[in-house]
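Have a look at the structure below, then the notes.
The numbers here are math on the coordinates, done by the rules we state, and not lab data. Predicted model only: the values in this text are computed from it and were never measured. Ideal geometry is used to build each Cβ from the backbone, glycine not excepted, and the neighbour counts take in all protein chains shown.
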Amino acid sequence: MKKNVISLFVLALIVCTSCQETIDFEKEKEAIKAVIENESNSYLAKNFDQQMKSFLQDESFVGITAGKNGYHYIQGWDEIMSGYKDSYESSPDPSTDKLEFKNYKIKVYTESAWAIYDQIKYDNEGEFINKNLQVRFLEKKDGEWKIVYLSVVFTTSYEENIEEGELESETESTD
């Protein structure tokens with residue numbers, strides 16, 4: 001009897017561990033980058049509906065920006081949506097600026113992930129405008145990555161050398 005219980009326990013353990021979903025980290029990282037870049041590029045294009053698809057639309061959303069002239073904190077979907085609508089109304093024309101996303105560091109979990117990266121903005125002639133350090137926390141909802149937290153530090157608004165704080169390399173596979 002004792003042998004049967006142990007055998008049954010071992011069999012159940014094997015079945016349970018083999019049923020766990022394996023994560024393709026590289027595929028998830030690429031999907032996360034696509035969401036992040038879609039959100040930022042949609043903002044430049046003034047494509048409100050496309051940009052809003054990138055966010056988890058609930059009250060847990062948090063956004064923080066900081067630069068030389070202060071910081072701004074936003075919480076909740078209604079506040080973020082209202083802020084973007086105001087921005088689009090005050091500046092409705094699409095931007096011709098281009099964004100470069102560099103030095104991603106991404107950590108992927110089963111249903112969440114975080115990413116930190118440099119975002120560099122250039123004008124339509126390729127002239128440098130600014131650089132910032134961005135952090136995103138994402139959650140997976142219905143199989144899609146959604147941004148639930150964003151943080152932007154406008155590094156070029158400070159007098160120190162902007163290259164000093166540059167991220168070094170992309171993070172390899174994670175959990």
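Remark: spin-label model distance Ile64-Asn41 equals 2.9 nm, labels positioned 7 Å along the Cα→Cβ axis.
In this label model, Asn124 and Asp97 are separated by 1.5 nm, measuring between points 7 Å along each Cα→Cβ vector. For the range 23-157, the mean projected area of the C-alpha convex hull, equal to one quarter of the hull surface, is 8.2 nm².
Distance between the modelled labels on Ser82 and Lys53, one decimal in nanometres: 2.7 nm (7 Å Cα→Cβ projection).
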